[in-house]
1. Consider the candidate values (i) 1.20; (ii) 0.98; (iii) 1.18; state which one is Rg/Rh (Cα atoms, Kirkwood Rh) computed from the structure displayed.
2. Long-range amide H contacts for Leu16: which residues qualify at under 5 Å (H placed 1.01 Å from N, peptide plane, sequence gap of 5 or more or a different chain)?
3. I'd like to know which of Tyr46, Thr22, Thr64 lies farthest towards the positive end of the charge dipole of the chain, counting +1 on Cβ of Lys and Arg and -1 on Cβ of Asp and Glu.
4. Using a probe of 1.4 angstrom, how much of the accessible area of segment 14-79 is carbon and sulfur, in percent?
5. Using the Karplus curve 6.51 cos²θ - 1.76 cosθ + 1.60 with θ = phi - 60°, what ³J(HN,Hα) values do you get for each residue of segment 8-17, in whole Hz, with x for Gly and Pro?
Amino acid sequence: MEKPPYFGCPSGKIGLLSSMFTDPEYRRRGIAKELLSRVIDDAREYGCGTIQITASDMGVKLYTDFGFVHNGNFMQYKL
């Protein structure tokens, strides 16, 4: 998504991540970490200044470990 540039995101490009889910049989194997790393790398290459996600209670720890912070109703990662 693109918005006019602002202090928190000078490029104006915002990555929106939604519906990230790992099948229960495959959890605790590093799959979500690998996928999230790839999303962050791709967003950085695209020129996004930030990534936003609405996190479930189960996902908050993963996103917090990556450096996402709560910002209102969503979590945000500044690139």
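The values are calculated or read from the model by the stated rules, or taken from the named source; none is laboratory data. The structure displayed is predicted, hence computed values, not measured ones. Neighbour counts are summed over all protein chains in view; Cβ atoms, including those assigned to glycine, are modelled from backbone coordinates with ideal geometry. Each accessible area value is taken on the protein alone, full model and side chains, heavy atoms only, with ligands, DNA and RNA left out. Shrake-Rupley method; radii C 1.70, N 1.55, O 1.52, S 1.80 Å.
1. (ii)
2. Placed amide hydrogens put Gln52 under 5 Å from Leu16.
3. Thr64
4. 50 percent
5. x, 8, x, 7, x, 8, 10, x, 10, 10
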